[in-house]
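Enquirer: Before I ask anything, here is the structure I am working with.
Values in this text are rule-based calculations from the coordinates and carry no lab data. In this text the structure is predicted, and so the values were computed from the model without any measurement. All Cβ positions, even for glycine, are placed from backbone atoms using ideal geometry, and neighbour counts span all protein chains on display.
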Amino acid sequence: MEKDIVVIGGGPAGYIAAIKAGRLGAQVLLAEAGSVGGTCLNRGCIPTKYYAQSAHTILELAQGNDRGIIIKDPTITVDMELARKGKQKTVRKLTGGVRSLLSAAQVELVQQKATITGNHEVTLEDGTVIGAKVIIIATGSSSMAVPIPGIDSPLTVTSEEILDLEMVPKRLVIIGGGVIGIEFASIFQAFGSDVTVIEAQPDILPMFDAAAVTSLAKALKKRGVRIYSGSGVTRMETLDHEARLTLADGNTIGADLVLLSVGRKADISCLSDQVSPAIDHGNIMTDEWGMTSISGIYAAGDVTGRRLLAHAAYQMGETVAHNACIDLRIIADERKKFNLDIVPSVVYAVPEVASVGLSEAEAAASYDTVVGKFPLAANGRALASGEPEGFIQVVADRRYGQILGVCCVGMYASEIINEAALAMKHELTVHEVAETIHGHPSVSEAFKEAASACIGQSYHMI
Amino acid sequence: MAEAVIMPKTGMAMEEGVIIEWLKEEGDTVSMGEVIAQIETDKSTMDLESDAAGTLLKRVYPAGTTVPVTVPIAWIGTPGEKIPEDTPLVQQETQQGQPTPVEAEPVKVSSATGKIPATPAARRVAGETGIDLASVKASGKHGEVREQDVRAVKATPLAKRIASDTGVDLSQIAGSGHAGKVYSRDIPVAPAGEDRRVALTNIQKITGKRMLESVQTIPMVTEDIPVDVTLLLEMKQSIRDQSGIQASVNDFVIKAVARALQMHPRMNSVFDGDALIYRHEINIGMAVATERGLLVPVLRQADMLSFSQLTERTRDIIQRGRAGKLGADELTGSTFSISNVGMFGITSFSPIINPPEAGILGVCAIEQSPRFKDGTVVERSIMTLSLTFDHRIIDGAESAQFLQTVRDLLENPLRLLV
């Protein structure tokens, strides 16, 4: 069998690459050992958002009395079995959707692990050898392990395994205060766990604006989440159904379950001795067009180590499919580069934290900046919704008003950040945002106000 | 080639204007910025200033004619020069006095020697966005570039701001965005350490010409006078405390100048060859530095305003001037100007007259200085005023009297408010 393009991995980078190339007319085969949709749909973004919404609902219910909503039996518990079923239903709907899209684009889907056995050859698990004019590696990433003595315990779970718990743990210790760790901290605190986060670095969420991190950490602590930062775990002991973690500073913490979320590493198990493109820090290296060191083999998504985000993977997948179709003379166009300069990132905790572009500190290092910050405590929609915590901050260049970075904390932050990304991508400055009428009342108005504040024109702030 | 003077479009809604009166005869010499006619729009009467210098070759319509905006109403050039024949475009004395534009070939003006025909709004936007009018496809009925034509050049707002700042002509750049839209990344960045040639904004061009004309034609003298503003500063603070009015020292100076001009009307006159024209209004121009160049917004009938009105209007026109949001009529018609450099710590300078005015007052920094009072040294706040005047109109003693009047008013500020 010979194909124009063989895509290995059916996550966001792989399935988008396959759909795009299929629609352009290429003969495409997509090999995915598990279910299409990759980590995002099956074990990452979507399942965690299902639980994040449950957490949000629980916390909202707790506010009910203040709003005059009388809930007679106030005991709220989470039945993990039902929760899992609900989550699976959502995941099935979405993966089913991806399968239909692949099929409509004439992509041949094989549910097998694939190995690259030649520069133009892929071998499936069952021994089938497929010739490929172009190979696209989109095998994603998986949870990383750390060499902590005793960590290899039945009480340790990964971010993927924790999604399928049968019951809510009493005491959950999360090792790693990155996006994944913090999201689960927020979820399981709401579900009823006693949560402790341990971060070896001085601060949790190091890639976000300090003001946003402080605000989120404060909210989590208020909810009872303990955060130990600046001190790593040196040892873990497991006794029956209890774990005991020893920190570098000598403290010990007891846990019924330990979530290990210290980062992710590229999955390069599709490579073989015959084919080994250049690797850097465990990631497959590519040029700006997505080509690996071997001509005819592209890579896209987490496996490149560029930005480990599904939406970055979509962009990379589309780019390499476009470029591959030009190589194959299926289309005549200009080759595209990976374009990951404006990529929003979100922490789906309660409250949500979202950012795009440079942080205030990063921007100040290269520009003469001006900062506009608008508190949601002054936003009508947020107040009426009982969620006045948080703010929207715009960092702009003083000279032209170019928006360099936006950071949101609070209600709808995950949605509003996309308005900021749109403005930044297409170079609207704070002047244009300030001139744009925003619907009232809406939380997005705070974005307009923050942009206006950069030029001294926020009329809802002193 | 002769340059056309067009019926200006001074507001969004303006479609036509009436020539009230010609102030220049055919054959007269006209200088740049000189008022050649009075025009009435639907809102006001305004002076029509010439954008060109030369001889008034032709008045295309007699006074009283209604002419659509952007249509040439006069031609300026050198005597004997040929005038395009396709004017007039308006039939005179039509029934019911309604103007009937005649369909005609667009007015052609050579871009090498003449001015690109464009509406004032198009010129403003071109100046703001760094777009060369010559490169814009004109859609006007008579071949003039309209505002929308300039705006049609596709570029992101950020790219437009950068182009405007660095003098890059966006219409010459191939954009990398959808349908050739220009992004900031498409604008070439001059390597550090290299000379850069940056095109002047329209405001800078006009300012340059007027300044040169001013020093070449007006015999100017500058006199300085120290003013003790200690009391004034106290009063400014108590006004702020008691009424909340955030007056500036500049507001007091404008008030004092308006009063002094009433008392010294020659300071508010124009030299006109063999006569002086005494201006009946006192309209004070305030030099304001903006990103695009020097602007002189005009505070009309400053002598008629109460102090709080004056404070409010001054702040309003200065702010709108900085934002580039002043109408044409707010930038013309001043009879005397003030230039304030006090905020930069300057203690004396010689401002250049804004022609055809008789004088300009420079306001300098306030300094804490020792002064003698009853044999002892006291600390006082001293501000210097630098007055430049047209020596054809005013002599040194007369100007000194004007300065004394201003000084006395500022040193006894209560007199300004009653």
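Enquirer: For the stretch B:242-258, name all the residues that are farther than 28 Å from residue B:370 by Cβ and either hydroxyl-bearing (Ser, Thr, Tyr) or surrounded by fewer than 18 Cβ atoms within 10 Å (Cβ to Cβ) (or both).
Expert: Residues satisfying the conditions are B:242, B:243, B:244, B:245, B:246.
Enquirer: Tell me, which strands (runs of 3 or more DSSP E) lie completely within the stretch A:336-448 with 1 or more residues that are within 14 Å of chain B (Cβ to nearest Cβ) and in contact with a helix residue (DSSP H, G or I) (Cβ under 8 Å, 6 or more places away or on another chain)?
Expert: Here the list reads A:353-357, A:391-397, A:403-409.
Enquirer: Select, from A:307, A:329, the only residue that is farther than 17 Å from residue A:46 by Cα, among the basic types (Lys, Arg) and under 16 Å from the mean Cα position of the chain (by Cα).
Expert: A:307
Enquirer: To continue, here is another question. How many residues does the stretch A:232-266 hold that are part of a loop (DSSP other than H, G, I, E, B), within 27 Å of residue A:352 (Cβ to Cβ) and among the small types (Gly, Ala, Ser)?
Expert: The number of residues fulfilling the criteria is 2.
Enquirer: How about the stretch A:245-267: which of its residues are surrounded by 18 or more Cβ atoms within 10 Å (Cβ to Cβ) and of a type in the set (A, V, I, L, M)?
Expert: A:245, A:253, A:255, A:257, A:258, A:259, A:260, A:262, A:266
Enquirer: Return a yes/no flag: does the stretch A:283-292 have any residue that is closer than 29 Å to residue A:164 by Cβ and either of a type outside the set (A, V, I, L, M, F, W, C) or under 23 Å from the mean Cα position of the chain (by Cα) (or both).
Expert: yes
Enquirer: Hey, can you tell me all the residues within the stretch A:316-337 that are within 20 Å of residue A:142 (Cα to Cα) and of a type in the set (S, T, N, Q)?
Expert: Residues satisfying the conditions do not exist here.
Enquirer: What residue, of B:316, B:303, B:329, B:274, is closer than 25 Å to residue B:402 by Cα and surrounded by 14 or more Cβ atoms within 10 Å (Cβ to Cβ)? Walk me through it before giving the result.
Expert: Numbers: B:316 fails: closer than 25 Å to residue B:402 by Cα; B:329 fails: closer than 25 Å to residue B:402 by Cα; B:274 fails: surrounded by 14 or more Cβ atoms within 10 Å (Cβ to Cβ).
Of the residues listed, the single one that is closer than 25 Å to residue B:402 by Cα and surrounded by 14 or more Cβ atoms within 10 Å (Cβ to Cβ) is B:303.
Enquirer: Another question, if that's okay. Within the stretch B:150-197, can you find the residues that are more than 10 Å from chain A (Cβ to nearest Cβ) and closer than 19 Å to residue B:291 by Cα?
Expert: B:163, B:166, B:167, B:168, B:169, B:170, B:196, B:197, listed by residue number.
Enquirer: Still on this structure: Look at the stretch A:99-114 and say how many of its residues are crowded, with 17+ Cβ neighbours inside 10 Å and in contact with an Asp or Glu (Cβ under 8 Å, 6 or more places away or on another chain).
Expert: 4
Enquirer: Follow-up. Taking the stretch B:389-418, which residues are of a type in the set (Gly, Ala, Ser) and buried (at least 19 other Cβ atoms within 10 Å of the Cβ)?
Expert: B:399
For (1) in contact with a helix residue (DSSP H, G or I) (Cβ under 6 Å, 6 or more places away or on another chain); (2) under 15 Å from residue A:31 (Cβ atoms), each residue gets a yes or a no:
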| residue | (1), (2) |
| --- | --- |
| A:113 | no, yes |
| A:116 | no, yes |
| A:124 | no, yes |
| A:133 | no, no |
| A:143 | no, no |
| A:149 | no, no |
| A:161 | no, no |
| A:172 | yes, no |
| A:181 | no, no |
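Enquirer: If you check B:179, B:199, which single one turns out to be part of a loop (DSSP other than H, G, I, E, B) and touching a residue at least 24 places away in the same chain (Cβ under 8 Å)?
Expert: Exactly one residue qualifies, and that residue is B:199.
Matching residues to (1) in contact (Cβ under 8 Å) with a residue 40 or more places away in the chain; (2) more than 23 Å from residue A:285 (Cβ to Cβ):
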residue: A:90; (1), (2): yes, yes
residue: A:96; (1), (2): no, yes
residue: A:105; (1), (2): yes, yes
residue: A:108; (1), (2): yes, yes
residue: A:120; (1), (2): yes, no
residue: A:155; (1), (2): yes, yes
residue: A:160; (1), (2): yes, yes
